[in-house]
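Written below as structure tokens is the structure these notes are about.
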Amino acid sequence: MIVLEAHYFPCIQYFAALCGQEKILLEAKEHYIKQSYRNRCYIRAANKVDRLSVPVLKAPLGALTQDIRIDYSQRWQSIHARAMRSAYSKAPFFDIFIDDFEQIIFKKQNFLLDLNVEILTLCLKYLRVDASIDITAVYKTNYEVENLDFRNTFVADNQLIKAEIPTYQQIFGNSFVSNLSIIDLLFCVGNQAGSYLKNVNFLVFNKNPYI
């Protein structure tokens, strides 16, 4: 079993960590952390790396992740859909995935956790990762040694995130941008994404001294 947070269109290393796992336990009882992958992802745009953020309603200090509500007073759905289309309309596998991604974005879930779980479920299906998804009922400081506790692993200042991973053909630019959202990998390599992630899993998680 692997334990980690639910992210918005998670990064490539997040999905690489899930390879070979039969059960995914998503942390819902933590105190919500702002400005994290929980409500944002990064894609490759024409002239930059673009951040897509889901706005959330103001919550009391110490609010739990499971209680964070999405703010629909801002037109983030249209912004995200337009950004995906602008960045990836010429990607080889764009037509395969875009309709499902937009359907989730425009579904209007009340809670951020529900949105992220639906995204994770869809992406696991695309990647042919046969793992069940459960939500924590209580908060645990530690888990048994046979379980992988990857909570707060995928943060910008972790050396894991900076680990070199294999390149693949991206749409824009001459230099490869590592560890973008799973959106980038799926649009660019399609049904080869699963094999790519298994390779990343071996290179990063089997060799990295920080895990």
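A few points about this structure:
- Using the Cβ of C41 as centre and a radius below 12 Å, the other residues enclosed give a net charge of +2, where K and R count +1 and D and E count -1.
- Taking Lys and Arg as +1 and Asp and Glu as -1, the other residues whose beta-carbon sits under 11 Å from that of L115 total +2.
- A full extension of the chain between Y168 and S132 corresponds to an added length of 10.1 nm, given 0.36 nm per residue minus the alpha carbon distance.
- Karplus-derived 3J(HN,Hα), 6.51/-1.76/1.60, for each residue of region 160-168, Hz, glycine and proline x: 4, 4, 8, 5, 6, 10, x, 7, 8
- Stretching the chain fully between D95 and N206 yields a gain of 36.5 nm (0.36 nm per residue, less the alpha carbon separation).
- Label of the coordinate-derived value, Cα Rg over 2.2 N^0.38 Å, listed as (1) 1.18; (2) 0.98; (3) 1.24: (2)
- Total formal charge among the other residues, if their Cβ is under 14 angstrom from that of V129, Lys/Arg +1 and Asp/Glu -1: +2
- Taking the fewest neighbouring Cβ atoms within 10 Å as the starting point, the ordered list for T141, T167, T65 is T141, T167, T65.
- Within region 2-205, percent of DSSP bridges classed antiparallel, to nearest 5: 50
- Shape of region 120-164, Cα gyration tensor, a/c cut at 1.5: oblate
- The chain, dipole about Cα centre (Lys/Arg Cβ +1, Asp/Glu Cβ -1), debye to the nearest 20: 640
- Greater than 32 Å apart at Cα, pairs in K58/K140; K23/K90; K58/K198; K58/K90; K48/K140: K23/K90; K58/K198; K58/K90; K48/K140
Every number here is computed from the coordinates shown, using simple stated rules; none is lab data. Here the structure is a predicted model, which means the values were calculated and not measured. Note that we place each Cβ from the backbone using ideal geometry, even for glycine, and neighbour counts take in every protein chain shown.
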